[in-house]
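The values are calculated or read from the model by the stated rules, or taken from the named source; none is laboratory data. Note that the coordinates shown come from a computational prediction; the quantities given were computed from them, not determined experimentally. Positions of Cβ are backbone-derived with ideal geometry, glycine not excepted, and every protein chain shown enters the neighbour counts.
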Amino acid sequence: FVSSQVEILDWETKKQLCFLDKVEPSATIREIRLMFHKLYPRWYPARQSIKLDPKGKSLRDEEILQHLPVGTTATLYFKDLGPQIGWTTVFLIEYTGPLFIYFLFYFRITFVYGLDERFTSSPHPVVNLACICHSFHYIKRLIETVFVHRFSRGTMPLRNIVKNCLYYWGFAAWLAYYINHPLYTPPSYGKKQINFAVIMFLLCEAGNFSIHVALSDLRRNGSKTRKIPYPTKNPFTWLFFFVSCPNYTYEVGTWISFTIMTQCVPVGLFTLLCFIQMTIWAKDKHCTYLREFKDYPSHRMPIIPFLL
Amino acid sequence: MAAAGSGGSRADNGYGGQQARRRKGPGALATGYLPSRCPVSPPWLVIAVGLVRAYLAKGSYHSLYYSIEKPLKFFQTGALLEEYLLIAKYLPGIVPSSVVLTAFQVMSRVFLTWAVTHSVKEVQTEDSVLLFVVAWTITEIIRYSFYTFSLLNHLPYLIKWARYTLFIVLYPMGVSGELLTIYAALPFVRQSGLYSISLPNKYNFSFDYYTFLILVMISYIPIFPQLYFHMLHQRRKVLSHTEEHKKSE
C-alpha cells in the first residue's frame, strides 16, 4: 500500500502550515481541504485556495492527488480567500432588496415624496403596470435562484456582497423614485408604446427563464463540468444558434422593454450599464467555451447575434 | 498640453511659433514626440508667458483669465487624449505613474476648465482661478520636463527634485484654487439653474447641478489626501533611491 504525503505551505511566506502523512493517492482535493480545515478550524474549505504553484490557479475539489504532477510527497500552496458567502445567499439578498425598495416608492411611504404625498397613488395605469413588471422580474429571479440555478462555484468573497447590493439596491431606489413620482409623465406614444413594451417584456422574461432551465438541465446529474448548450424544442432556446449567452441577451431585452414602458432616463442608464456588464460576462464565457471545446459552433457570437 | 492627435499646426491658435510635432510612427512616438516639444513644454510656457505679459500690461491680476482662456481650454481638453496615450501606452516602464490617479487629475482639470470656469462667467474674474492656473502651469512645466529628460536618459537631479518637492506647495495651492472657484460659482448656478433639469419632463429625470457641485467639493475630502500621500510616498521612494545611488558612486 503506497500512501502519499502532502505538505501545505503558505503561498507568500512559504512557511510549512501542515504536513499530512498517510494520505491515500486517490484522495481528492476536497478531502485534503477537509483535513486542512481540521487543523485550522477558522479556514473552512470554501475559503481555502489550494494550488500547485504559489501564483497559480486554485485546484478544484474534484481533482485527484495521484493525477496531479507531484511525487509521493506533494507540495501544495495555500492562500486564504477571506470570508466567503454562498452564491445562493448573495443572490437572495441582492434580489430581495430591489423588490421591497421599489414598494417603498410605489406605496409612497411617508418621507419618500414628502408628507403631503404620502400613501397617495398615481393616476397613471402604466405606473401600476411598471410595479407589477419590476416585481415579477425580481420574484422570477428569486425563484430561479432557489430552484433552477446550479452554481459551479459555491462561494464568493464576502466583500462582494456590499458592492453588489449597493449597485442593485441603489439603482432600484433611483429608478423607483422617478417612476412613482407624483410628477411622473407617462410615455409619449401612450397605449401603443406601453403595450409594445409589455409584450416585449413578457417574451424576454420567458426567453430568459427558458435559457436558465436549459442551462440547468445540462448539469442535471449534479456534475460540475461544462457542456456546450444547444437549442432544444423550446423556441426561445433557438437563440443558442446565434449566441453563446442568450440569457444575457434576453435580460438586456427585458430592461430595454422596461425603459420603453416607463420612458425614464434612469431606467435607460441602468439598462446601459446592464448591457455593458453582461457583454463583458458574455465575452468571457464565450472565450471559455472556445478554449474548452474544439468543436464549438464557430458562427456563434457572445451576446448579440452577428454583432457582438 | 497639446493634443497628440492633432499633428502639425493649429490655425485657430494665435500663439504661433510652436514646434511642429514630428511623429515617426507609434513605436517611436515616445522618443520622437516629447523632445520635439522642447524640455519646457511650449503649451504651458505659452500660458505662463501669456500670464506674465497680461500682468505687466494691466498692472493687476484680476482679469488674467481672459488672456489665457483660449489656450487653457484647448490644451486642457487636448490633455485628455495626450495623457491617455502617454501614461497608458508609451511611458509605462519609463516613468512610474498611476493611470487612475493621472486620469483623475486630468478629469478634474477638464471639469474645472469647462464645467465651472467657462460655464459660469461670473467666476472668471475671481482670484481663485488665477491660483489654480498658476499651480497647474508650474506643475505641468516641471512634469513635462521630467518626462522629456527621463526619456533622453539624462535627468538633472534638479528637475527630479523639483517634480517631487514643489508639489508639496503646488497641490494644496491648486486644490484651494479649484475649491474656491467652485464655491464662488455656486450662487450663480443656483440662480440660473445651469445644467439642471427638474420634474416634470417627458424623460422623467432630474438633475441639480448645484447639488452636484457640492458633492464634487465633498469628494475632494477623501481623494485629495490619497493623491497627496501617494506623491509623498513616491517622493520618499524616488529621492532616497537617488541618495543611495549617489552614495554608491
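The table below gives the values:
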| read-out | value |
| --- | --- |
| Condition check for A:Y248: surrounded by 15 or more Cβ atoms within 10 Å (Cβ to Cβ) and either touching a residue at least 40 places away in the same chain (Cβ under 8 Å) or not assigned by the TED database to the domain that holds A:F196 (or both) | yes |
| Of the criteria (1) more than 14 Å from chain B (Cβ to nearest Cβ); (2) part of a helix (DSSP H, G or I); (3) not hydroxyl-bearing (S, T, Y), which one A:R220 fails | (2) |
| Failed criterion for A:K79 (all others in (1) closer than 26 Å to A:F151 by Cα; (2) touching a helix residue (DSSP H, G or I) at 6+ places or on another chain (Cβ under 9 Å); (3) not aromatic (F, W, Y) hold) | (2) |
| Where A:S122 falls short, out of the listed (1) modelled with pLDDT under 90; (2) crowded, with 18+ Cβ neighbours inside 10 Å; (3) at positive phi | (3) |
| Hey, A:S257 among the small types (G, A, S) and out of contact with any helix residue (DSSP H, G or I) (no Cβ under 7 Å at 6 or more places or on another chain) or not | no |
| Condition check for B:P225: loosely packed, with under 12 Cβ neighbours inside 10 Å and either more than 14 Å from chain A (Cβ to nearest Cβ) or modelled with pLDDT under 90 (or both) | yes |
| Tally, over region A:277-308, of residues that are in a loop (DSSP other than H, G, I, E, B), surrounded by fewer than 13 Cβ atoms within 10 Å (Cβ to Cβ) and under 18 Å from the mean Cα position of the chain (by Cα) | 0 |
| Filter result for B:Y203 (within 30 Å of A:I260 (Cα to Cα), surrounded by 13 or more Cβ atoms within 10 Å (Cβ to Cβ), touching a Ser or Thr at 6+ places or on another chain (Cβ under 7 Å) and not charged (D, E, K, R)) | no |
| Residue count, region B:117-156 (criterion: hydrophobic (A, V, I, L, M, F, W, C), outside any helix (DSSP H, G or I) and farther than 20 Å from B:L239 by Cα) | 1 |
| Segments classed as strands (runs of 3 or more DSSP E), wholly inside region A:48-119, with at least 1 members that are in contact with a Phe, Trp or Tyr (Cβ under 6 Å, 6 or more places away or on another chain) | A:48-51, A:73-80 |
| Members of region B:176-226 found to be in contact with an Asp or Glu (Cβ under 7 Å, 6 or more places away or on another chain) and of a type in the set (G, A, S), listed by number | B:A184, B:S196 |
| Subset of region B:183-209 [in contact (Cβ under 8 Å) with a residue 60 or more places away in the chain and assigned to a loop (DSSP other than H, G, I, E, B)] | B:L194, B:Y195 |
| Boolean, A:V126 is of a type outside the set (F, W, Y), part of a helix (DSSP H, G or I) and more than 14 Å from chain B (Cβ to nearest Cβ) | no |
| Leading residue by the ranking (nearest to the other protein chains (Cβ to nearest Cβ)) among those in region A:163-205 that are more than 24 Å from A:E144 (Cβ to Cβ) and free of Cβ contacts under 8 Å to residues at least 40 places away in the same chain | A:L183 |
| Which listed residue is buried (at least 19 other Cβ atoms within 10 Å of the Cβ) and touching a helix residue (DSSP H, G or I) at 6+ places or on another chain (Cβ under 9 Å), from A:P182, A:P235, A:P186 | A:P186 |
| Test: A:P231 is within 14 Å of chain B (Cβ to nearest Cβ) and part of a loop (DSSP other than H, G, I, E, B) | no |
| Near pairs, Cβ below 6 angstrom, 6+ apart or cross-chain, from region A:230-242 (β-branched (V, I, T)) to any residue that is surrounded by 14 or more Cβ atoms within 10 Å (Cβ to Cβ) | A:T232/A:A214; A:T237/A:S210; A:T237/A:A214; A:T237/A:P231 |
| Criterion violated by B:T181 - all others in (1) within 14 Å of B:S128 (Cβ to Cβ); (2) buried (at least 17 other Cβ atoms within 10 Å of the Cβ); (3) out of contact with any Leu (no Cβ under 9 Å at 6 or more places or on another chain) satisfied | (3) |
| Only one of A:Q66, A:Q84 that is surrounded by 16 or more Cβ atoms within 10 Å (Cβ to Cβ), among the polar types (S, T, N, Q) and touching a residue at least 12 places away in the same chain (Cβ under 8 Å) | A:Q84 |
| Among (1) on the phi < 0 side of the Ramachandran plot; (2) more than 18 Å from the chain's Cα centre (by Cα) - the single one A:Q263 does not satisfy | (1) |
| Output for region B:196-212, where each listed residue is within 7 Å of chain A (Cβ to nearest Cβ) and either touching a helix residue (DSSP H, G or I) at 6+ places or on another chain (Cβ under 7 Å) or small (G, A, S) (or both) | B:Y203, B:N204, B:F205 |
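This table checks each residue for (1) in a helix (DSSP H, G or I); (2) within 17 Å of A:Q263 (Cα to Cα); (3) among the aliphatic types (A, V, I, L, M).
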{"position": "A:I143", "(1), (2), (3)": "yes, no, yes"}
{"position": "A:F151", "(1), (2), (3)": "no, no, no"}
{"position": "A:I161", "(1), (2), (3)": "yes, no, yes"}
{"position": "A:L166", "(1), (2), (3)": "yes, no, yes"}
{"position": "A:A172", "(1), (2), (3)": "yes, yes, yes"}
{"position": "A:E205", "(1), (2), (3)": "yes, no, no"}
